[in-house]
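Undergrad: I am attaching a structure below and will ask some questions about it afterwards.
The values are calculated or read from the model by the stated rules, or taken from the named source; none is laboratory data. Everything numeric here is computed off the predicted structure, so don't read it as measured data. When we count neighbours, we look across all protein chains shown, and the Cβ atoms used for this are built from the backbone with ideal geometry, even at glycine. For the accessible areas, the whole protein counts, side chains as well, though only heavy atoms, and no ligand, DNA or RNA atoms are used. Shrake-Rupley method; radii C 1.70, N 1.55, O 1.52, S 1.80 Å.
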Amino acid sequence: MSFLQALLTNEYYIHLVILICIYALLAQSFNLTFGLGKSFNLAHIASYAIGAYTTAILAVDQSRSPLPCMFWSLVLSGVFALTIAIIAIRLSEDYFAIGTLAFSALITALLVNWKSLTRGVLGIPGIPRPEFSFFESQTFYDNFNFLGLAATVLIVVELLLLGIFSSPYARALRAQAEFEQGALAIGHNARVLRTISFVLASAIAGLAGSLFAYYINYIDPSSFSLTEMVFIITIVVLGRPGSFWGVNGAAAFLVLLPEPLRQFDLPPSILGPMRQLIYALILFGVVFLNRNKLWPRLRRI
Amino acid sequence: MNPTFLQISDLEFSIGEASILNGISCQVPRGETVGIIGPNGSGKTTLFNCISGFNLPSRGRIIFDATDITAVSPHTRALHGLGRVFQNSGVFRELSVEENMLTALESRDSLIRKFFPARSHRAQRRQLAREFLSEINLDAKSSHKAGSLSGGQLRLLEIVRTLAFGAEVFLLDEPTAGVSPRMKEDVAGLIAKLQQRGKTILVIEHDINFIQKFCQRILVLDGGRVVMDGPPDTVRSDRRLQEIYFGNKTQSES
C-alpha cells in the first residue's frame with residue numbers, strides 16, 4: 001500500500017498512469033472494431049482528434065463547462081463514425097482500410113487548414129482543466145485528482161465494454177467478421193452490426209480525446225498523426241485482437257516500455273525516435289509471428 | 001392453401017458477357033425434397049446464390065411463401081425462413097461449437113436484447129443449443145473451437161445451426177463433399193430428420209446414388225438451364241443424363 005502511495009505521489013508516475021488510461025480507452029475501443037469485427041478502421045485516430053478539438057474549442061472559445069464538452073466530444077465523434085460507416089461500410093477488408101485512411105487524411109487536412117476554427121498548426125493552447133460544480137472541494141488542476149477523473153471514465157467505459165465483449169452482439173460481430181455471408185444466412189444484418197461497432201468505438205475515442213485535451217491543456221494536429229494510430233494498432237495487436245484483458249495489459253506495458261530508457265540520459269532527439277523504433281519492431285514482430293491468425297482466411301461461396 | 005412454397009420463374013444471371021443462368025424456372029411445394037445435379041459450371045451454386053440473395057438475377061422472379069423476394073437483402077430472406085448451407089462450410093471456425101449455435105438462436109432478438117440479454121434467456125438458449133447439439137452427438141464438444149471439427153461434423157453443425165435458427169427451406173450445397181463415407185450416412189440421417197419435421201429441402205449433389213434415396217424429385221441443370229425435372233427413377237434412366245455427364249453428344253446432335 002505504501003508502495004502504491006509512493007507511486008501515486010510522484011508526479012511523473014501519475015502522468016504515466018493518466019496516459020495509460022487514455023491509451024487504454026483508445027486501444028480498447030479499437031479492439032471492438034478490429035479485434036472483434038476485424039474491420040481495420042484507420043480513421044480511429046481522427047475520432048480521437050475530433051473529440052479533442054471539440055472539447056478544446058468548446059472549452060476555450062465558448063467557455064463551456066466540462067460535462068457538455070465531454071458529451072459533445074463523444075457525440076460528434078460518433079456522428080463522424082456514422083458518416084464513415086454510411087459511405088465506407090460497403091467496402092470490404094483492404095478497401096475499407098484505405099477508405100478510412102482517406103477520412104483520416106481528410107480530418108488532418110481540416111485540422112491544419114481550417115484555421116478560423118482550429119487555428120491550424122499553431123494548435124489551441126490554454127485549455128482549462130475541468131471543474132465540476134458538484135465537486136467543489138476538488139479541482140482537477142491537480143494531476144492526482146485528474147487521474148481520479150480519467151480512471152473513473154476508464155472504469156465506466158471498460159465495464160460497459162466488458163459486458164459488450166461477452167454479449168450476443170459481440171458473438172454476431174465475430175461471426176460476420178469471419179464469414180459475412182454465413183452470418184447473413186442466419187439472419188444477422190452484418191452492416192448494421194459493423195456500423196454499431198464503429199459508432200461505439202469512435203464515441204469512446206472521442207471521449208479519450210476530450211480527456212487528452214483537458215489533461216495536456218494544449219493540442220495541435222501533430223498529436224493525431226498516423227504515428228499515434230500505429231501506436232494504438234501496436235497495443236491491440238500485442239494484446240491479441242479480441243482479448244479484453246490482453247489489450248489492457250498491452251496498453252500499460254507499451255506506455256511504460258520506453259521508461260527504462262530514460263535512465264541512460266539520452267538526449268530527447270534520440271529518445272523520441274528510439275521509442276518509435278521499439279514500437280515499430282514490436283508491431284512487426286507480433287504481426288510476423290501471427291501472420292496466419294490476424295485475419296481470418298477468406299471464404300468463397 | 002399455397003401449394004407452391006418456393007417459385008422461381010425465368011431466372012437469368014450473368015457476369016459480364018458470360019451468362020450463368022439462362023431462364024431457370026421451377027416450383028417447389030412445401031415439404032418436398034428436390035435434388036439438383038449437373039456438371040461443374042452448370043449454375044447450381046449460382047442458382048442457390050440467387051435464391052439466398054448473394055447474387056441478384058438480371059431477370060426473373062423468386063417468390064417465397066407468397067412474397068416476392070427477388071430484390072430482398074440476404075439476411076431478410078434468411079429471417080423469412082430461407083436457410084443456406086454453404087459448399088465450403090459456413091461454420092464460424094473461430095467461435096466455439098456452442099457459440100455457433102447461440103449466435104443462430106440469437107439472430108432474431110432485438111438489438112437491445114443482443115446487448116443486454118435477459119438472464120433467463122441466456123440459460124434457456126444454452127439449454128436449447130445443447131439439445132440441438134445432442135442430435136448430432138456434438139454436445140460433448142460444445143466448448144471446442146468449431147475449427148477443430150472434422151469435415152462431416154462441420155456439415156452436421158451447419159445444418160443443425162440452420163434448423164435452430166428457424167429455417168423452413170434448406171438450400172444444401174453439396175452437403176457430402178469431403179465427408180467420410182460413414183459420416184455421409186449421418187448427413188443422410190439428419191436430412192431425413194429435416195424431412196420428418198416437414199422442411200422443404202433443395203440439395204445440390206454430384207452423387208445421384210446418394211440423393212435418389214431421399215429426393216422426391218431431381219432437377220438436372222446444364223448450361224444454366226433445367227434440362228430434366230422428374231422423379232429420380234425417370235431421371236436416372238434418361239439417356240440425356242449420360243450425355244450431359246459424359247459429353248456423349250454425337251447421337252443427340254445428329
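Undergrad: What is the set of long-range amide H partners of B:Ser19 at a cut-off below 5 Å, with H atoms built 1.01 Å from backbone N?
TA: none
Undergrad: Measure nothing but the geometry: give the 0 to 90° angle between the long axis through the Cα atoms of A:244-256 and the longest principal axis through the Cα atoms of chain A, rounded to 10°.
TA: Helix A:244-256 sits at roughly 40 degrees to that axis.
Undergrad: Moving to a separate point now. Taking each residue of B:84-90 in turn, how many C-beta atoms of other protein chains fall within 10 Å of its C-beta, and what is the average?
TA: Mean partner shielding for this stretch: 5.
Undergrad: Could I ask something else about it? How large is the helix-only mean residue ellipticity at 222 nm for chain B, computed as the sum of -39500 (n - 2.57) over DSSP H runs with n ≥ 4, divided by its residue count, in deg cm²/dmol to the nearest 500?
TA: Mean residue ellipticity, 222 nm, calculated: -11500 deg cm²/dmol.
Undergrad: Of all DSSP beta bridges in the protein assembly as shown, what percent run antiparallel (nearest 5)?
TA: 60 percent
Undergrad: I've got another one for you. Just to be sure I understand: if I project the alpha-carbon convex hull of the stretch B:92-148 onto a plane and average over all orientations, what area do I get in nm²?
TA: If you wrap the Cα atoms of the stretch B:92-148 in a convex hull and average its projections, you get 4.0 nm².
Undergrad: How do B:Ser58, B:Ser96 rank by accessible surface area computed with a 1.4 Å probe, from largest to smallest?
TA: Descending order: B:Ser58, B:Ser96.
Undergrad: Which GluC sites (Glu not before Pro) from the stretch A:120-179 combine a DSSP loop assignment with at most 13 other Cβ atoms within 10 Å?
TA: Listed in order of number, the matching sites are A:Glu131, A:Glu136.
Undergrad: Also, quick follow-up: Quick one: which residues, 5+ away or cross-chain, put their amide H under 5 Å from the amide H of B:Ile36? H built at 1.01 Å from N.
TA: Result for B:Ile36 returns B:Val203, B:Ile204, B:Glu205, B:Leu219.
Undergrad: Ok, one more. Using a 10 Å cut-off on Cβ to Cβ distances, tally the other chain neighbours for every residue of B:52-61 and report the average as a whole number.
TA: 1
Undergrad: Right, next: On a 1.4 Å probe surface of the protein chains, which of B:His75, A:His15 comes out largest in accessible area, and what is the full order?
TA: Greatest to least solvent exposure: A:His15, B:His75.
Undergrad: Hey, got the average number of other protein chain Cβ atoms within 10 angstrom for residues in A:191-202?
TA: That average works out to 1.
Undergrad: Long-range amide H contacts for B:Arg225: which residues qualify at under 5 Å (H placed 1.01 Å from N, peptide plane, sequence gap of 5 or more or a different chain)?
TA: When sequence neighbours closer than 5 places are left aside, the close amide H contacts are B:Asn22.
Undergrad: Provide the per-residue ³J(HN,Hα) series for the stretch A:280-286, in order, calculated from phi with Karplus coefficients 6.51, -1.76, 1.60 and θ = phi - 60°, each as a whole number of Hz, with x at glycine and proline positions.
TA: Using θ = phi - 60°, the values come out as 5, 5, 4, 4, 4, x, 5 Hz.
Undergrad: Rounded to the nearest 10 degrees, what's the angle between the helix A:11-30 long axis and the longest principal axis of chain A, both from Cα atoms, 0 to 90?
TA: Approximately 20 degrees, to the nearest 10.
Undergrad: May I ask you to rank A:Met274, A:Met229, B:Met183 by accessible area, largest first, using a 1.4 Å probe over the protein chains only?
TA: My answer, sorted largest first, is A:Met274, B:Met183, A:Met229.
Undergrad: Looking only at A:Ser29, A:Ser166, A:Ser65, which one moves most when chain A is put into a Gaussian network model with springs between Cα atoms under 10 Å?
TA: Result for chain A, Cα springs under 10 Å: A:Ser166 fluctuates most.
Undergrad: Would you list which lysines come within 30 Å of B:Lys184, measuring only between C-alpha atoms, while excluding same-chain residues fewer than 8 positions from it?
TA: List returned: B:Lys44, B:Lys141, B:Lys145, B:Lys193, B:Lys199, B:Lys213.
Undergrad: Right, next: Could you give me the ³J(HN,Hα) list for the stretch B:28-39, computed from phi with Karplus coefficients 6.51, -1.76, 1.60 and θ = phi - 60°, whole Hz, x at Gly and Pro?
TA: Each residue of the stretch B:28-39 in turn: 10, x, 4, x, 8, 10, 10, x, 10, 10, x, x Hz.
Undergrad: Right, here's the next one. For chain A, what is the calculated [θ] at 222 nm in deg cm²/dmol (nearest 500), taking -39500 (n - 2.57) for each run of four or more DSSP H residues and dividing by its residue count?
TA: -23000 deg cm²/dmol
Undergrad: Right, something else. For the stretch A:123-128, in order, what is each residue's ³J(HN,Hα) by Karplus, 6.51 cos²θ - 1.76 cosθ + 1.60 with θ = phi - 60°, in whole Hz (x at glycine and Pro)?
TA: x, 10, x, x, 6, x
Undergrad: Same structure again: So which GluC sites (Glu not before Pro) in the stretch B:1-47 are both in a DSSP loop and have at most 10 other Cβ atoms within 10 Å of their Cβ?
TA: Here the GluC sites (Glu not before Pro) that fit, given the DSSP loop and packing criteria, are B:Glu17.
Undergrad: Grab the alpha carbons of the stretch A:2-223, take their convex hull, and tell me the volume per residue in Å³.
TA: Given the Cα convex hull of the stretch A:2-223, per-residue volume reads 129 Å³.
Undergrad: Something else now. For chain B, modelled as a Gaussian network with Cα springs under 10 Å, which listed residue fluctuates most, B:Pro232, B:Pro181, B:Pro57?
TA: Maximum among the listed residues: B:Pro181.
Undergrad: Determine the dipole magnitude for the protein assembly as shown: charges of +1 sit on the beta-carbon of Lys and Arg, -1 on that of Asp and Glu, nothing else is charged, the reference point is the Cα centre, and the result goes in debye to the nearest 20.
TA: Dipole about the Cα centre, nearest 20: 680 debye.
Undergrad: Report, in debye and to the nearest 20, how large the dipole of the stretch B:92-148 comes out about its Cα centre when Lys and Arg carry +1 and Asp and Glu carry -1 on their Cβ.
TA: 220 debye
Undergrad: So how tilted is helix A:66-88 from the main axis of chain A? Cα-based, degrees 0 to 90, rounded to 10.
TA: So the helix axis and the longest Cα principal axis differ by about 30 degrees.
Undergrad: To continue, here is another question. What is the protein assembly as shown by shape, rounded, prolate or oblate, if you read a ≥ b ≥ c off the alpha carbon gyration tensor as root eigenvalues and call it rounded for a/c under 1.5, prolate for a/b larger than b/c, and oblate otherwise?
TA: Prolate, because a/c is 1.5 or more and a/b exceeds b/c.
Undergrad: Along the charge dipole of the protein assembly as shown, pointing to its positive end and built from +1/-1 on Cβ of Lys, Arg, Asp and Glu, which listed residue (B:Asn40, A:Leu101, A:Gln263) has its Cα farthest out?
TA: Going by the Cα projections, it comes out as B:Asn40.
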